[in-house]
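Have a look at the structure below, then the notes.
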């Protein structure tokens, strides 16, 4: 039986994980680092992270409570399009770029869920 294709990341080394006890330890780790590393749970107590664990809608509500009344650039997938933003069969982009305020963007996301 043939082996599965490992894909383009087969030769890429795993990013090491480190544990830090406090802000001083994180600062020391960052200053000494010569390569990327992962700190699991680093921001797990942040309010936005807690809201996101509840649901996407809860995370959006948290952000809306704190949003600024400015326009954002957003990429919007076309109805019936692929689940990813990319090219369609005719090599055109399968999404539109729009400018809108955060409540408008989130309302569209809420309606699509």
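A short reminder: the numbers here are calculations on the coordinates, not readings from a lab. The shown structure was predicted, so the numbers you read here are calculated from the model rather than taken from an experiment. All Cβ positions, even for glycine, are placed from backbone atoms using ideal geometry, and neighbour counts span all protein chains on display.
So what's the gap between the Cα centers of the range 6-75 and the range 94-113, to the nearest angstrom? Their Cα centres are 23 Å away from one another.
One chain, two ends: residue 109 and residue 46. Fully extended at 0.36 nm per residue, the span grows by 20.4 nm beyond their Cα-Cα distance. Note on residue 38 and residue 58: with the Förster distance fixed at 35 Å, the Cβ-Cβ geometry gives a FRET efficiency of about 0.90. Under the criterion of Cα pairs below 8 Å and six or more residues apart, the relative contact order for the chain equals 18 percent.
Between 34, 97, 73, where does the largest GNM mean-square fluctuation fall for the chain, given springs only between Cα atoms within less than 10 Å? Comparing 34, 97, 73 in a Gaussian network model of the chain, the most mobile one is 34. DSSP beta bridges confined to the chain are antiparallel in about 90 percent of cases. Is it possible to state the helix-based mean residue ellipticity at 222 nm for the chain, with each DSSP H run of 4+ residues giving -39500 (n - 2.57), the sum divided by total residues, to the nearest 500 deg cm²/dmol? What is it? Calculated at 222 nm, the ellipticity per residue is -10500 deg cm²/dmol. Subtracting the Cα-Cα distance of residue 86 and residue 28 from their residue separation scaled by 0.36 nm leaves 16.9 nm.
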